[in-house]
Structures are given as C-alpha cells and as structure tokens.
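K.L.:
My structure is below; once you've seen it, I'll send some questions.
The values are calculated or read from the model by the stated rules, or taken from the named source; none is laboratory data. Quantities reported herein were computed from a predicted structural model and do not represent experimental measurements. In this analysis, Cβ positions are derived from the backbone assuming ideal geometry, glycine residues included, and neighbour counts consider all displayed protein chains. Heavy atoms of the whole protein, side chains included, go into the accessibility calculation; ligands, DNA and RNA do not. Shrake-Rupley method; radii C 1.70, N 1.55, O 1.52, S 1.80 Å.
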Amino acid sequence: MQRALTASRRRLHRGFVLITVLWVGLGLLLAASSYLVTQRQAALSTRAEVETTRAVELARSAVNVALADLGRIGEGQPRSRRDGTPVTITMAEGQATYRIWDEGGKLDINAAPVELLGPALQQLGQDSGIDAFDAVTIAQALVTRRADADAQTFNRPIPQLLADLGLPQDVSLRARQILTTYSGTPQVNPTTAAPALLAAIPGLGPSDVALILDRRRAGQSLPRLGTASVWLGGTEGPVYTIEARGTLQSGVSVDVIATVGMQGISFRGGIMRYEILGVEILR
C-alpha cells in the first residue's frame, strides 16, 4: 500500500514538473517571438530610414544638376525650359527628376491685384470645388492682409498662407507653381508662366494659351497679346525654384524644393552662380 502511494506521488510530481517545464518553455517561446518581432521592426525601420536618406541624396543630386543647368549662359549651351518642364536623369540607384520654375513667370501676391489673384486661385481650385466667389473672397483677403502696415511682405510659405485662408491643402501646395513673393511686379513673364496661370489671365482664351505654348516650345516669338498685354511682361529671373525628386529602384521617393537667387557670374568658369535662399525636404 505504501509503495502504491509513493509511486502515485512520484507520478504526480513528474506531471507537475512536466507542466512547469511546458509553461516555462511557452514563456521563453513567447519572449523569443516578441524579441524577433521587435528586431524585425527595428530592422525595417532602419532600412526605411536608410532608403529615405538615399532618396534625399538622389534628389539633392538633381538639385545640383539643375543648378548647373541654370548656370549655363553661353549661346548654344543646352538649357531646359524655366516653366516647370521636367528633366529626368537615370542614375545607378534610380531616377532623378528636376523642374525649374522662373519666379518671374509667377504671380506675386504682394503686388498682383484682385483682378489677377481671383482668376488664378479659381484656376487652381476648379477641381476642388473653388468657385469664382470663393476665389475672389480669398484674393480680397490676401490684398487686405498685405495692406496692413505690419505685413507689407508675406514672409510665411505660400501653401501655409493659403491654407489658413481656407484653400484645401492640395490646392495650397500646387499654388507655389503659379504664385510667388519674389518677382516684385504685378505682371507675369509670358515666356515662362505655367499654363494654369496663362489660362487665368484676363483677355487670354484657350486658343491664345495654346498658341503661346506652341511658340514657346518652338523657340518662336510670342503672338500679339491684345488687352492681356497689360498683365504680361517682365523678364526671366533673378529668382528660381527647383523642384527635384529622387526615386530609388525600390520605389522610395523624396522631393526637395530649393529656392535660389542669382549671385553673379563666375568669370573663371563662365557660368552664373546662385545663392540658396531656402530648401524644403518633403518625405
């Protein structure tokens, strides 16, 4: 009888030990799984950070190529158009694309009247439900703000300024392609103005805009602009915006936006040099 009880107690003890071992093993397995998941997430995060950094450097390379493009002043040298026409370069790590925008081909919100600002804002927001009344209201708010003695020049970024006035974010971001604070004149340079801005100029119809764009691409002189000529004029520069995008083969892309101003001609190299006025990285 005593032997039977002892054997039973031993079996119970072995069962308890087995259960304990199983629980401990399960705990270790869960801990190991959690550790592996954490390490995987850290590895993915590190890889994403590395990929983003590589894309930033690729976009910066595009900015440097654009600066070299801007620096060419000799006749016969290849130059891209300053109206936002994209230029794509294939590199070892992916593709780099840049666009050069002449700030003289944009509408200066510090100088333009409501008659120009209203149609320009409506043209920007026509796909986002911005009608003529909304556009004129926002244009009037811009003119009122700049009339303030303490706000003669808008120092805030244009997208942020327009977003605060009620424009949707996507419209506010696109606005930098046709609005500026650098030209200092209410007129727009028709040789570099974006199609959306040309379409907003009073006195220019769709056929006029198409003719201007065709002649620009062909390197021909512009047609007579009639009543619209009062709003069109000026010269190219001296400030430009470079929009560069670096896209890796993995698909990761980063945008870099640089605003540059003419600094002077380098007589040793025979090129125009530029000063960086501001840089923005959009990830």
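K.L.:
May I ask you to list the residues in the stretch 95-124 that are of a type in the set (A, V, I, L, M) and either surrounded by 19 or more Cβ atoms within 10 Å (Cβ to Cβ) or touching a Phe, Trp or Tyr at 6+ places or on another chain (Cβ under 7 Å) (or both)?
P.N.:
Ala96, Ile100, Leu107, Ile109, Ala112, Leu116, Leu117, Ala120, Leu121, Leu124 - these are the residues of the stretch 95-124 that are of a type in the set (A, V, I, L, M) and either surrounded by 19 or more Cβ atoms within 10 Å (Cβ to Cβ) or touching a Phe, Trp or Tyr at 6+ places or on another chain (Cβ under 7 Å) (or both).
K.L.:
On to the next question. Given the criterion within 19 Å of Glu243 (Cβ to Cβ), open to solvent by less than 100 Å² (accessible area, probe 1.4 Å) and either at pLDDT 70 or above or in a strand (DSSP E or B) (or both), identify the matching residue among Ala92, Ala55, Ala31.
P.N.:
Checking each option against the conditions leaves just Ala55.
K.L.:
Suppose we filter Ala132, Ala200, Ala196, Ala141 for residues that are of a type in the set (Gly, Ala, Ser), in contact (Cβ under 8 Å) with a residue 12 or more places away in the chain and closer than 19 Å to Ile242 by Cα; which single one remains?
P.N.:
From the options Ala132, Ala200, Ala196, Ala141, the qualifying one is Ala196.
K.L.:
Residues of the stretch 235-256 being open to solvent by 20 Å² or more (accessible area, probe 1.4 Å) and either of a type in the set (A, V, I, L, M) or in a loop (DSSP other than H, G, I, E, B) (or both), which ones?
P.N.:
Residues satisfying the conditions are Thr235, Glu236, Pro238, Gln249, Ser250, Gly251, Val252.
K.L.:
Right, here's the next one. Hey, among Met272, Met262, which residue is open to solvent by less than 70 Å² (accessible area, probe 1.4 Å) and either under 16 Å from Gly104 (Cα atoms) or touching a residue at least 24 places away in the same chain (Cβ under 8 Å) (or both)?
P.N.:
None of the other options fit; the residue is Met272.
K.L.:
Okay, moving on. Using the structure shown, decide if Leu161 is open to solvent by 30 Å² or more (accessible area, probe 1.4 Å), farther than 19 Å from Thr85 by Cβ, modelled with pLDDT of 80 or more and among the aliphatic types (A, V, I, L, M).
P.N.:
Criteria not met by Leu161.
K.L.:
Where residues in the stretch 214-234 are touching a strand residue (DSSP E or B) at 6+ places or on another chain (Cβ under 9 Å) and not aromatic (Phe, Trp, Tyr), which of them is nearest to Met272 (Cα to Cα)?
P.N.:
Gly234
K.L.:
Can you confirm whether the stretch 185-206 contains a residue that is under 21 Å from the mean Cα position of the chain (by Cα), crowded, with 16+ Cβ neighbours inside 10 Å, assigned to a loop (DSSP other than H, G, I, E, B) and small (Gly, Ala, Ser)?
P.N.:
yes
Residue-wise test of (1) at pLDDT below 80; (2) aliphatic (A, V, I, L, M); (3) under 21 Å from Arg79 (Cα atoms).
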position	(1), (2), (3)
Pro195	no, no, yes
Asp208	no, no, no
Val239	no, yes, yes
Gly246	no, no, yes
Gln249	no, no, no
Val252	no, yes, no
Thr259	no, no, yes
Arg283	yes, no, no
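K.L.:
Taking Arg174 as the residue in question, decide whether it is open to solvent by 50 Å² or more (accessible area, probe 1.4 Å) and at pLDDT 85 or above.
P.N.:
So Arg174 fails the test.
K.L.:
Then there is this: Which of the residues spanning the stretch 226-276 are among the polar types (S, T, N, Q) and more than 27 Å from Gly203 (Cα to Cα)?
P.N.:
Thr241, Thr247, Gln249, Ser250, Ser253, Thr259, Gln263, Ser266
K.L.:
Next question. Looking at Ala48, is it at pLDDT below 70, closer than 30 Å to Val87 by Cα and surrounded by 10 or more Cβ atoms within 10 Å (Cβ to Cβ)?
P.N.:
yes
K.L.:
Also, quick follow-up: Working only within the stretch 215-234, note down all residues that are surrounded by 12 or more Cβ atoms within 10 Å (Cβ to Cβ) and out of contact with any Leu (no Cβ under 7 Å at 6 or more places or on another chain).
P.N.:
Listed by number, the residues that qualify are Arg216, Leu222, Ser229, Val230, Gly233, Gly234.
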